[in-house]
Amino acid sequence: MTTIAVLGAGCSGLAAAHVLQDAGWQVTLFEKSRDVGGRAATRSREGFIYDHGAQYIKPGAPASISWITGRFRTPDLIDIEKPVWVFNGQGEIQEGDAEQNAEEKWTYRSGLATLAKQMARGLDIHLETRIDHIRKTPQGWWLTPEHGAEQGPFSRLLITFPLPQAQELLEKSQLEPGLQGAIVAQLGAATYRPLLSIMLGYRPMPQRRPYYALVNIDKAHPISWLAWEHEKAQERVPSGAGLLIAQMAPDYSREQWEREDSELVRESAAMVAQLVQEEGLATPIFSDVQRWRYALPDQKADSEQLHALTLPAGLAFCGDGFVGGRVHRALEHGIQVAQQLLYPKSSRVHQ
Ligand SMILES: Cc1cc2nc3c(=O)[nH]c(=O)nc-3n(C[C@H](O)[C@H](O)[C@H](O)COP(=O)(O)OP(=O)(O)OC[C@H]3O[C@@H](n4cnc5c(N)ncnc54)[C@H](O)[C@@H]3O)c2cc1C
């Protein structure tokens, strides 16, 4: 039986794991966090339940649609009906793009992480296991976690992290020197932007609006995205309360990265109040700050070029760093790379 270690249990790793397990491979996942889902994550604090990373999933290719609405469907799946409107650097708000707003925006009543939790069922996942470095011997791939004993050998290895983190892992690892340098160079083509995600809870609930969220279209405002999280489901907030999520623009996030959470909350809440002209929003009763160092890819790496180098060694990579920062794209890429691992001769790389 072919054995494979999948590093990372975000949507791409979970998707790949299912395709490989379906084909009879023995799959073991290693995830550094306490839970699965990666950047499609949900947090629950003080009665507020919120998606501090990805906000919702758009319908993509048939493969991800059929998994989300079929194989891994839960009764919890909902479409956010209200539209997304737009604003500019001057804070002028207008209706958004009708075509984009006509598309579904999927999430789950109890949080976006429901998808990953559903996909995690039936998989062998080692949580809270950060892999520090890897090595290759004639017997296969070996993994050294930050704590605990070396794991292996595995005949194949699939790495699914944001690519700068994959690059760090490879730099610390023991591979054939020429191959290692070439992989690191390919991974280095991808760049990611940082993002400060600021959660602001209120009682009473903020004013009702004709939109679910606002997006900045001219990239001239320190806030790039502002969402009324309680619009997803009433259960997301304590009775009578509401929750807004402000995702800050890349430049603002970079410049303000080191500031205290309390200062970030004060400043962003004041901006939110001014943007939507609602004074009460300057004083939240609850807040949380998430710093995403590698939030979304700006420049992608080329997975076909990379796999031409690595597949012969039984090593593969998948995730949004190759296809763009969207949950459905990461999931689809996981499926695609798993198929390349299963049928290497028929993949375009080897034609
Ligand atoms: C703030 C924000 C907003 C977003 N909004 C949207 C949106 O509205 N819609 C949308 O479709 N997409 C959105 N995205 C993008 C989407 O979340 C990602 O594209 C997608 O979740 C990436 O999945 P992935 O499996 O490629 O990577 P990840 O989800 O990052 O999974 C990689 C996993 O690897 C683990 N890992 C990392 N290092 C190690 C290690 N050394 N050892 C073991 N495990 C490790 C991580 O903990 C993680 O679980 C957003 C992202 C962010 C951050």
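The values are calculated or read from the model by the stated rules, or taken from the named source; none is laboratory data. The structure presented is a predicted model; accordingly, all values stated were derived computationally and were not measured. Quick reminder, even Gly has a Cβ in these numbers, built from the backbone with ideal geometry, and neighbours come from all protein chains shown. When the accessible area is computed, the model is the full protein with side chains, heavy atoms only, and any ligands, DNA or RNA have been set aside. Shrake-Rupley method; radii C 1.70, N 1.55, O 1.52, S 1.80 Å.
Odds and ends about this structure:
- Scanning the range 196-216 for residues that are more than 16 Å from the ligand (Cβ to nearest atom) and farther than 24 Å from residue 258 by Cα turns up 202, 203, 204, 205, 206, 207, 208, 209, 210.
- Restricting the range 20-46 to residues that are buried (at least 22 other Cβ atoms within 10 Å of the Cβ) and on the phi > 0 side of the Ramachandran plot leaves a set whose member that is nearest to the ligand (Cβ to nearest atom) is 38.
- Contact map, the range 1-30: first residue assigned by TED's automatic domain parsing to the domain that holds residue 128 and farther than 21 Å from residue 163 by Cα, second residue assigned to a helix (DSSP H, G or I) and modelled with pLDDT of 95 or more, Cβ cut-off under 6 Å, separation 6 or more or different chains; pairs are 19/335; 19/338; 20/338; 23/342; 27/17; 27/20; 27/21.
- Residue that is over 18 Å from the mean Cα position of the chain (by Cα) and more than 19 Å from residue 229 (Cα to Cα), where the choices are 31, 81, 92, 46: 92
- Search result, residues across the range 116-133 that are touching a residue at least 24 places away in the same chain (Cβ under 8 Å) and more than 10 Å from the ligand (Cβ to nearest atom): 117, 118, 119, 120, 122, 123, 124, 125
To keep it simple, each residue is scored yes or no on (1) in contact with a strand residue (DSSP E or B) (Cβ under 8 Å, 6 or more places away or on another chain); (2) among the polar types (S, T, N, Q); (3) open to solvent by less than 40 Å² (accessible area, probe 1.4 Å).
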{"residue": "185", "(1), (2), (3)": "no, no, no"}
{"residue": "189", "(1), (2), (3)": "yes, no, no"}
{"residue": "196", "(1), (2), (3)": "yes, no, yes"}
{"residue": "202", "(1), (2), (3)": "yes, no, yes"}
{"residue": "208", "(1), (2), (3)": "no, no, no"}
{"residue": "212", "(1), (2), (3)": "yes, no, yes"}
{"residue": "228", "(1), (2), (3)": "yes, no, yes"}
{"residue": "236", "(1), (2), (3)": "yes, no, yes"}
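- Residues that are open to solvent by less than 20 Å² (accessible area, probe 1.4 Å) and of a type in the set (A, V, I, L, M, F, W, C), drawn from the range 155-174: 157, 158, 159, 163, 166, 169, 170
- For the range 47-63, the set of residues classified as hydrophobic (A, V, I, L, M, F, W, C) and open to solvent by less than 30 Å² (accessible area, probe 1.4 Å) consists of 48, 54, 57, listed by residue number.
- Only listed residue being open to solvent by less than 60 Å² (accessible area, probe 1.4 Å) and more than 16 Å from the ligand (Cβ to nearest atom), chosen from 308, 249: 308
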